[in-house]
Structures are given as C-alpha cells and as structure tokens.
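The values are calculated or read from the model by the stated rules, or taken from the named source; none is laboratory data. All figures in this text were calculated on a predicted structure; none of them were measured in a lab. Note: ideal-geometry Cβ built from the backbone for every residue, glycine included; neighbour counts use all protein chains shown.
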Amino acid sequence: MTVSTAERQEESWAVTSRRALRRLAAVTWAGALLGLLVGGVGSRLAMMLLARLNPGATGLVSDDGFVMGHLTLETLDLLATTTLIGVFGAGVYFVLRGLMIGPRWFQILSISLGPAVVVGSSLVHVEGVDFTLLGPVSLAIAMFVLIPGVYAASLTVLAERWLAPEGRFMTSPFFLAVPPILLWVPIAPLLGALLLGLAAFEVVRRTPGGAALLGRPAWPWLIRGALVVLSTVALVDLIQDTNALT
C-alpha cells in the first residue's frame, strides 16, 4: 500500500510536533525547578541575609511586598511567582538556544551574562527600601544580579542534559514526557504565542523559498546583535543606578 504525499506530510508534521513538545516540556521543567530554587529560595535567602546585616530593617516591607527577615505566607506567593518566571525564562531559552556559539564554557558564560544584566537592571532601582536602606549596597546589587545569571547558567546545563537523545524526556512515552507543559497554564497566552510562533516558523521552513530565506547566515547574527544591544542598554542603566546608590 502506497502512502500519499499528503499523508507523508501529515506524518512529518506529527513527528515534528511531538518532538517539539517533548523538548519544550524538558526545558519547561528545568526552568520551573530553577525558578523555584534559584529565583525563589535564592532571593528569599538573599533578603534574609540583608535583613540580618541590617537589624533595623527586620519587619519592614520590601518593595515587592514581603516582610524582611521573616518567613510568612507571602513567601509562598514569591515562590509561585518565581516558578512562573522560571517557566517564562525556559520559553525564552527554548526559542534562543540555537543561537549559542563557541565552546561550551563560552555558551554558558554568554547565555548567563545577558539575563544577569537585563534582569538585574530591572531589579536594581534607586527608589524604595531594598537598595536604599539595606547595606552594604554593593552586596545587595551583586546578589540580585547574580541570581538571574545563576538561573540562566544552570538552565542551559540542566536543560541540555534533559534534551539529550537518550534522556528521559526524549525516550519515555509521550504521555509521560509532556505533563510539565501544564506549568504554562497560569500564563497560557504566552504559551499560545510561543506555539503559534513555532508553527509559523515551521510553515515557512517547509516552503522552498522560506527554507532558503531562513538558511541565510545573516539572520542568527542579526538576532545576536539585537540581544547584545539590549544587554548593553541594560548594562548602562545598571551602572547608572549603581553609581547613584553608592
């Protein structure tokens, strides 16, 4: 029995979709876990350390609404929030991971510096109490720049391990591999946008003209250049805030 072109194309789409969902599930689980541990637990420990170094700040409410120096129910909100941020970060990594170049050490370094600077610049600010009442200021800034950097570096190590062809996510039954995608439910619109983007990319890639267009080496370098510009702008903002605080 012969298989029609349409059936082969449908089978190819099915294989591609299942493989993509497996990979997204692996990266999502890594991102959620690290968002919880590095982002949530790590940032809470950082705030507790700063509260210990500044006894007068114990009991004050941070700029994010958490009581310094105490474990409260709001801590659970922080852990849930950082887990979802970790899921979002996993989606960003899933899209951009193909842009990594150079030896492995350079890949880990380069992919961690960007988030450290961009996220760090959004966390460090000259208003409020987090960086004006808590000292030493240099330690506070360093910790909240380091946390997203450690998250990103750990994500690429853990995610790539789970994405290995012999890994559990790639070899286990499909219905066991993809449940981590449910972690996207609270931010479902972002997942929808991600899947639509991936589907559109695949449609273009499957056309002869689209494949030739996407195959041009200039595209990855343009995206890398845009990321460098974004990181540079964030670095300038971070330096300005640091100078103002110190």
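What do you reckon, is Leu53 modelled with pLDDT of 90 or more and either of a type outside the set (Asp, Glu) or touching a Cys at 6+ places or on another chain (Cβ under 9 Å) (or both)? No, not satisfied. Within this structure, Gly65 fails the test of being farther than 22 Å from Pro189 by Cβ, modelled with pLDDT of 90 or more and either surrounded by fewer than 18 Cβ atoms within 10 Å (Cβ to Cβ) or among the charged types (D, E, K, R) (or both).
If you go through the stretch 216-232 and pick out every residue that is charged (D, E, K, R) and part of a helix (DSSP H, G or I), you end up with 1. Residue check: Phe169 meets all listed conditions (1) touching a Pro at 6+ places or on another chain (Cβ under 9 Å); (2) without any contact (Cβ under 8 Å) to a residue 12 or more places away in the chain; (3) hydrophobic (A, V, I, L, M, F, W, C) but one, namely (2). Does the stretch 79-93 hold any residues that are farther than 11 Å from Thr156 by Cβ and either surrounded by fewer than 18 Cβ atoms within 10 Å (Cβ to Cβ) or of a type outside the set (Gly, Ala, Ser) (or both), and which are they? Result: Leu79, Ala80, Thr81, Thr82, Thr83, Leu84, Ile85, Val87, Phe88, Val92. Based on what the data block shows, is Arg224 farther than 15 Å from Gly91 by Cβ, surrounded by 11 or more Cβ atoms within 10 Å (Cβ to Cβ) and charged (D, E, K, R)? It is true that Arg224 is farther than 15 Å from Gly91 by Cβ, surrounded by 11 or more Cβ atoms within 10 Å (Cβ to Cβ) and charged (D, E, K, R). The condition (being in a helix (DSSP H, G or I), farther than 18 Å from Gly31 by Cβ and of a type in the set (Val, Ile, Thr)) is satisfied by just one residue among Val117, Val126, Val157, Val185: Val117. Inspect the stretch 197-215 for any residue being closer than 24 Å to Leu36 by Cα and either assigned to a loop (DSSP other than H, G, I, E, B) or in contact (Cβ under 8 Å) with a residue 60 or more places away in the chain (or both) and give the result as yes or no. Scanning the stretch 197-215, I find no residue that is closer than 24 Å to Leu36 by Cα and either assigned to a loop (DSSP other than H, G, I, E, B) or in contact (Cβ under 8 Å) with a residue 60 or more places away in the chain (or both), so the answer is no.
Find the residue count for the stretch 124-149, including only residues that are surrounded by fewer than 18 Cβ atoms within 10 Å (Cβ to Cβ) and either at pLDDT 90 or above or polar (S, T, N, Q) (or both). Result for the stretch 124-149: 5.
Would you confirm whether any residue within the stretch 69-78 is in a helix (DSSP H, G or I), modelled with pLDDT of 80 or more, out of contact with any strand residue (DSSP E or B) (no Cβ under 8 Å at 6 or more places or on another chain) and crowded, with 18+ Cβ neighbours inside 10 Å? Taking every residue of the stretch 69-78 in turn, at least one turns out to be in a helix (DSSP H, G or I), modelled with pLDDT of 80 or more, out of contact with any strand residue (DSSP E or B) (no Cβ under 8 Å at 6 or more places or on another chain) and crowded, with 18+ Cβ neighbours inside 10 Å.
Scanning the stretch 129-145 for residues that are assigned to a helix (DSSP H, G or I) and hydroxyl-bearing (Ser, Thr, Tyr) yields a single hit, Ser138.
Which condition breaks for Leu45 when tested against (1) under 25 Å from Val157 (Cβ atoms); (2) modelled with pLDDT under 95; (3) surrounded by 15 or more Cβ atoms within 10 Å (Cβ to Cβ); (4) out of contact with any helix residue (DSSP H, G or I) (no Cβ under 6 Å at 6 or more places or on another chain)? Condition not satisfied by Leu45: (3).
Filter the stretch 159-185 down to the residues that are loosely packed, with under 15 Cβ neighbours inside 10 Å and small (Gly, Ala, Ser), then identify the one that is nearest to the chain's Cα centre (by Cα). Result: Ala164.
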